[in-house]
Amino acid sequence: PDGSQEMFSYDLQGSVHRKMLRDSTVFIYEYDYLGRVITEEHFTQTCTGPGYWLGDKIYKYNAFYLYWFGEGQNHNIRYKRNLQGQVISEFATKDGYINYENKGGFETDYIYDPVGRVTSEKKWYGKNENEYYLIKREYDKYDQIIEETIVNSDNQIQTIESFEYDDEGNLTSTTRGNNLVEKINYNDFSQISKISDANKLETTFHYDLEKLNELGQKVLTITKNEPNGNKTITTHDAHSRIRSITIEDAHSKMISKAELFYDLAGNLSCRIDTIFENGKEVGGNQTKWIYGPMNRLEQLIEASGSKENERITKFEYNELGQLVKKYVPGLKTPIIFAYGYHGSSYGETPYYPLLGISYPILKPNTENELIETDKKVEHKISFDNYGNIVKARSPNDVIIERQYDSFNNLIEDRIEGRDRVYKIEYERDRLGRVIGIKLPDKSKIKYMYEGCFPKNVIRLGSDSNEMYRHTYDKFDERGNLLEETLIENAGKRKNFFDKLGRKIGIETPYDSIEIPKNGFDNDGNVLKIKKDNEESSFSYDNLSQITKESGQFNHSYEYDSLNNRLKIDDSKCQVDELNKLLIYGDVKFNYDVRGFISSKEQNDETIFFHNNAFGNLTFIKNPGKWEMSYCYDIFGRRLSRNYKADNEEISTERYLYVGDQEIGLLDSKNNIIQLQVPGADYNLDTKRSISFELEEGIFVPTYDLQENVISLIDSCYTEKIESYKYSVFGKEIIIDGNGEQSSESCVNNPWRFACKRKDETTGLINFGLRDYDPNIGRWINPDPIGFADGMNQYAFVLNNPLKYIDLWGTSRHHGYKQCNSFEEYFYDNRTNEIKKGGDVFLVGGQTVVVNDHLELSGNFHDLLSNSIGVAADIADSTLGLLEIATGFIGLGGSGTFEIGTFGIGTLVAAPVAAGSAILVVDGARRIANGYALFRKGSKIYDHNLDKQHKGTPKSNDSQNTQAKDARRKIEQELGRKLSKDEKRHLHDTIHGQNYGYWEIVEEGIELFKKIKY
């Protein structure tokens, strides 16, 4: 429909020989005598044939199986199999071979039971013989996993999960450690009928197939009865799409309602939310989506039908479905996205990489208007051959340069600007986990692991001498951190969890926090928190929004059903149809037409805000007093803040990042002024910072149950320097070391609420991609990822900060590692969220969808969990080829799969190893025993330039040349010359075997040196 085309040609055996995708990329395939893919070449298209070479992939087989896969000079994977053809070792290094003197690279070993199921995976993370952990699995007679255990090299259990199933194969119970997580009951149609958690709270489901809709059609209605008495009623249409979602309280009174409508192609085209206040219907909010060819979103209309507030955002695409223009409300000039090859190949999904973004420069003003200038801002992006961003140039001459290891892990992040040049270097273990960070001042942070758990965080000075260390002493079998030792003399911290995995207590020598018995309601909301000798209590409405807090702070709140705060204590709030806050007590807010805050009026004082065309907050000004400007990189990270007062520049703050986490300040000479040392990246408890290094000294932060910093400890003298108290929404009281209230931190600690940096001048807290105002309990700007966290783009964690946290300013997460139930985990409490597939990533803090995917359904988990080396057939209804890429675990992959179009033909998929990519091979002849691997986004050297990769040559001269080349490679790997007897033995061994180059090399190393895979 969009005018694009794909072309395919086949060989005499019916296999795809050439194909051209919609982006004019040409793929050329070669097969061996068994019909197995041995090479894939990628080219651009010209008028007469292939043009610019983009890369290729190489697959090497012995007589039966794949044993080597090459994807460029840095991406090579080697497999060792048993006599049954099962992969018993998977090894990936730069050249595909083990370096015996300095063993490194990704390596996993596998053990099978007699029926071919993987019972053990050995994950190597270090060079020593005891640096690994095992994943052990037990199965029932139906091949269902009934227990999965992770043990370290000493065979000590680290985590354990067990599962039970009914006769239909439905999961009926899950146990983590010694704690039952939930039990699930099903009806006769294998639909969930009841979920019981560890506290015996039940959620029941009722399915009604006889309900008549407004057209007189019988449709499915699902009623979910929750432990708190609420009922969620989901009604479908005749096409099994969700038509409406209503929530009723325990008295059957409607408290929330959303209606969904679809166009003729099945796309969500309209959503109407009914607004309730105090149980009464007071209005509605309508949002529309309009689609074009290929079901691409062309218009988003918010507050549709409103004369004053209707807001329209328009989108344009190229023929590949990539966004090329975004027309922002209030701007005539669109945001432009540019794409191109940039000499790279990105696998089988047709799209060009994003190479540039441009948008108009807006002029700051005091009229709440968007004033365009004639100048434009341009971001430029460069990728390597594997799809990694290696260089990005942003406005103000900010240049980001990145380097990656052989497995696409970031190892260097360099930031250059007008007033800054620094870099962060990363060291990783064989699983890709960060084990070292080198900071701009040459000091370091080291991370040590024991099995899958972190063990130590060690802070080293620029002279590499140890300054202090933090240790993780004890975990339970659910993976929860129970005990840790703080730095220097600061003592220990203990964490306590309930049956559901919720954190219910923290104990240090300085603070004691607990949720007492009966401290949760039936919906998992916190009712009571006891800190030292002071207790706070909380109340909620029927949508789990906090309505009252008593104790340290005393406030009452009211909300509507779209999470807008209507009242705090005696101060009333006013919002519009776009959920913008207009009036908050005696404070008035104004916004531009995009929904970004433009001014705040209070006590005869007006503060002006300015956001650039891409949505970054770039300027805040209090006329005649002070002004601040901010600079960002292309990833949306705030790099600096310039502060002026009385028209004189007072200070410049240069922020330091590890990944997306802001960890400190640098001066103009790259000296670290402030630093929070991040913990190990295992879970929320281990990831929190272990120390704050400020100008006044080194301090240990202690935290409450919501990860807010509640005190700073002098680690040498074990004294509490200052402490902090917070309301549920972040209003704070600072207490100094003498127990007196203070208006500011006596040690200039910027990280307090949510452990995020607070700006003392504006009172705003920067979460990374948005700024939060604790005084109003809302974000000041819309969500950069749209409606992912609900229809109200300003609401802060659904007005329940005791239950949820927000890591970056985009969406909520549970404040504890485990959820109340599988259902809550699966839906994340979002019962009405509808998503469209696509490649989505953040650029400059804004979401960019650059590629549409074919959306398919099916139980791909079963496919991916099949026994290694056992083929599984899959085919869609059109017999089209499917590509399923899981990513290489330990090679930068996530373990999830993507689905995209590949070609045409009957399929065979070959799951080779858990976490490995899977190639679905085309051809009328199905591959019986040999299985090829495939991974998206690749580029390797042209095999036509290397005779080593063409199999066994036909002429004697070519065979002799190949044998000599192979012997040189063997000698290189062994680190010595072969003797005459060894050469003769090698010749006799390979004679008549029809071996290719890599088979000879493999055989030679096997003969003359024992290889421990």
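Values quoted throughout were computed directly from the atomic coordinates according to the rules given, and no laboratory measurement underlies them. Computed from a prediction, not measured in an experiment: that's the story for all the values here. Here the Cβ is made from the backbone with ideal geometry for all residues, glycine too, and neighbour counts use every protein chain on show.
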- Task: Mind pulling the per residue volume of the convex hull built on the Cα atoms of region 475-515? Å³ is fine.
- Result: 52
- Quick one: work out Rg over Rh on the C-alpha atoms of region 208-272, Rh as Kirkwood radius. 1.01
- On each of the three principal axes of the Cα atoms of region 488-544, give max minus min coordinate, whole Å, ordered largest first. 47, 24, 17
- Item | 29 Å Cα-Cα threshold exceeded, pairs from Lys380/Lys438; Lys325/Lys731; Lys288/Lys376; Lys80/Lys136; Lys288/Lys332 | Lys325/Lys731; Lys288/Lys376
- Cβ-based net charge around Asn533, under 15 Å, with every Lys or Arg adding one and every Asp or Glu removing one: -2
- region 190-316 - Rg and Dmax from Cα coordinates, angstrom: 17.6, 52
- Cα-Cα P(r), region 124-271, percent of pairs per 5 Å interval: 2, 8, 12, 13, 13, 11, 11, 10, 8, 6, 4, 2, 1, 0
- Within a Cβ distance under 10 Å of Ser9, other residues only, what is the Lys/Arg minus Asp/Glu net charge? +1
- Message: Give me Rg/Rg_expected for region 651-729, where Rg uses Cα atoms only and Rg_expected = 2.2 N^0.38 Å with N residues.
- Response: 1.18
- Message: Please give the Cα centre distance for region 609-677 versus region 975-1001, rounded to the nearest Å.
- Response: 63
- Query: How long, wide and thick is region 956-1008, going by the Cα atoms along their three principal axes, in whole angstroms, largest first?
  - Reply: 27, 17, 17
- Note on the structure: region 613-699 -> Rg/Rh from Cα coords, Kirkwood Rh, value 1.05
